[in-house]
1. Would it be correct to say that Ser271 is polar (S, T, N, Q), more than 18 Å from Tyr431 (Cα to Cα), open to solvent by 20 Å² or more (accessible area, probe 1.4 Å) and not in a loop (DSSP other than H, G, I, E, B)?
2. Just to be sure I understand the filter: pairs with C-beta atoms under 7 Å, separated by 6 or more residues or on different chains, first member in the stretch 194-212 and in contact (Cβ under 8 Å) with a residue 12 or more places away in the chain and farther than 14 Å from Val86 by Cβ, second member surrounded by 17 or more Cβ atoms within 10 Å (Cβ to Cβ) and among the aromatic types (Phe, Trp, Tyr). Which pairs pass?
3. For residues that are closer than 21 Å to Ala193 by Cβ and open to solvent by 20 Å² or more (accessible area, probe 1.4 Å), tally how many sit in the stretch 134-152.
4. If the requirement is being more than 20 Å from the chain's Cα centre (by Cα), of a type outside the set (D, E, K, R) and modelled with pLDDT of 90 or more, which of these qualifies: Pro336, Pro325?
5. Based on what the data block shows, is Ala208 at pLDDT 70 or above, farther than 15 Å from Phe66 by Cα, surrounded by 20 or more Cβ atoms within 10 Å (Cβ to Cβ) and under 27 Å from the mean Cα position of the chain (by Cα)?
6. Please go through the stretch 373-392 and give me each residue that is under 27 Å from Ala416 (Cβ atoms), β-branched (Val, Ile, Thr) and touching a residue at least 60 places away in the same chain (Cβ under 8 Å), ordered by number.
7. For Tyr362, state whether it is of a type in the set (Ser, Thr, Tyr), under 26 Å from His465 (Cβ atoms) and buried (at least 19 other Cβ atoms within 10 Å of the Cβ).
8. When both residues are 6+ apart or on different chains and their Cβ atoms are under 9 Å apart, which pairs have a first residue that lies in the stretch 87-104 and is touching a residue at least 40 places away in the same chain (Cβ under 8 Å) and of a type in the set (D, E, K, R), and a second that is surrounded by 15 or more Cβ atoms within 10 Å (Cβ to Cβ) and assigned to a helix (DSSP H, G or I)?
Amino acid sequence: MTMKLHKTLASISGMTMLSRITGLLRDQLIGYMFGAGADTDAFLVAFRIPNLLRRVFAEGAFSQAFVPILAEYKTKQGQDAAKTMVDHVATVLTWALLLTTIAGVVGAPLVVIFVASGLTANFDTTVLMTRIMFPYILFMSLVALGGGILNTWREFKVPAFTPVLLNLSSIAISLFLLGLHLEKPPIYAMAIAVFIGGVLQLGYQVPALMRIGMLPRVGFDLRLALADPTVRRILKQMVPAIAAVSVAQISLVINTQIASHLQVGSVSWLSWADRLMEFPTALLGVALGTVLLPSLSKAHAENDHHEYSGLLDWGLRLCFLLTLPAAVALATLSVPLTATLFQYGKFDAIAVAMTSRALIAYGIGLTGLISVKILAPGFYAKQDIKTPVKIALTVLAATQLMNLVFVPWIAHAGLALSIGLGACLNAGFLYWGLRRRGIYTPQPGWSAFMVRLAAALFVMGVLAHWLGERFDWIALRAHPIERIAILGGVIAVCAAAYFGVLLLCGFRFRDFKRVAA
């Protein structure tokens, strides 16, 4: 069975775009109701705790260890054997995460102190919301299991749409609170929305898993599940994978801790800037990672080195083609984007300025962030997780050294800049490792490709800067529809200029079509 990767990527990106749009609407409503204040900081910190563990244990370490082995199992031993293995994995995962959830609910005060000791004024609120949201890690770990299975069976649309349900839950709660006309809506209602969203996401995947005959069955005999040699192999792979993912999350915890001691609102400004960054990172980075890991794992199982290298090359070219103009747009249009999308209700001009600074800093590392999502699967698909761990540890140390320089200079934006530059460093080391081992060999035409990109980026950057300076985006708050229309026109003109120059330089879309076996 063949798969047209560019069409699959477009499909996943479309679903991810819907997820990010609803996520943006959710954050807009939170900003409108609460602004960048202590309550918002408390919610974002409380949500970050289970979200952090989700990234470490579920979507991060688990997926990296599970998907390549599942793809190998499916290719070599068939569906029945894969189903038995999945049942054992589900049993171990469920009971381990259930115990983790109970420990997190009981020990929530200690967890909050560890993550953000600077939130002293809203400490009790943060603890309560942490307890409400902690079961989210259990739901999302099982969602990650189901998503890994569906992606391996090339059922990409359901996992890509699943995150939308969390955002819809939060939006519904937000609109309900607005409908009550409360002067100070209870922020903890947003925590309840996260809990409900986790349940909805888990339930949504069940029919798709039943349709392919791979709905996991959780058993009570934990010893039998642990006796499965493949389960032990996955757990063995998860140890370095947890270390690899934890490095990035440790950096995030450190940055949250630092931000909680900075000016009130710093956590919120960084979160809103990160929300805007999620559009390009998710649309391309997450989508490419989702498509590439099963395809790379299959190529590795079939010992097809040419296909393996070609997939990585295709991913990197798409990365540069789409992330570089996005980075230029974030740098030149940071204020227009922030003001147009967030400056409503309690989100004031100061919040616009502070969020836009963080957005520029994040944007510097955009290409690095997405390149990592392409290059790291080059190791994971070969079940080599130790190399990315060693690289990530080096990057962690470098990132925190950069914080010592940047935070005293540009405050919260320094945290964003350190993350961006650290991602570029990470991508550089991963690229060097793949080249040195002969896993990846660039295909011909890169030099001409980069020259064309440089010309198009220059024209687009000059045009975006000139257009962005023509309007008073803060004053246009009084005319929101007009502001949205103007920003949409500016983005359309810049995009047309970028792709127009590329076409004049000889770029053709057909060069990026790819079919995977």
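1. The answer is yes for Ser271.
2. These pairs meet every condition: Val194/Phe47; Val194/Tyr136; Phe195/Tyr136; Gly198/Tyr136; Gly198/Phe139; Val199/Phe139; Gln201/Phe139; Leu202/Phe139.
3. 4
4. Pro336
5. yes
6. Hits for the stretch 373-392 are Ile374, Val389.
7. yes
8. Matching pairs, first to second residue: Asp87/Ala225.
The values are calculated or read from the model by the stated rules, or taken from the named source; none is laboratory data. Just so you know, these numbers come straight off a predicted model, no measurement behind them. Ideal geometry is used to build each Cβ from the backbone, glycine not excepted, and the neighbour counts take in all protein chains shown. Calculation scope for accessible area: heavy atoms of the full protein, side chains included, ligands and nucleic acids excluded. Shrake-Rupley method; radii C 1.70, N 1.55, O 1.52, S 1.80 Å.
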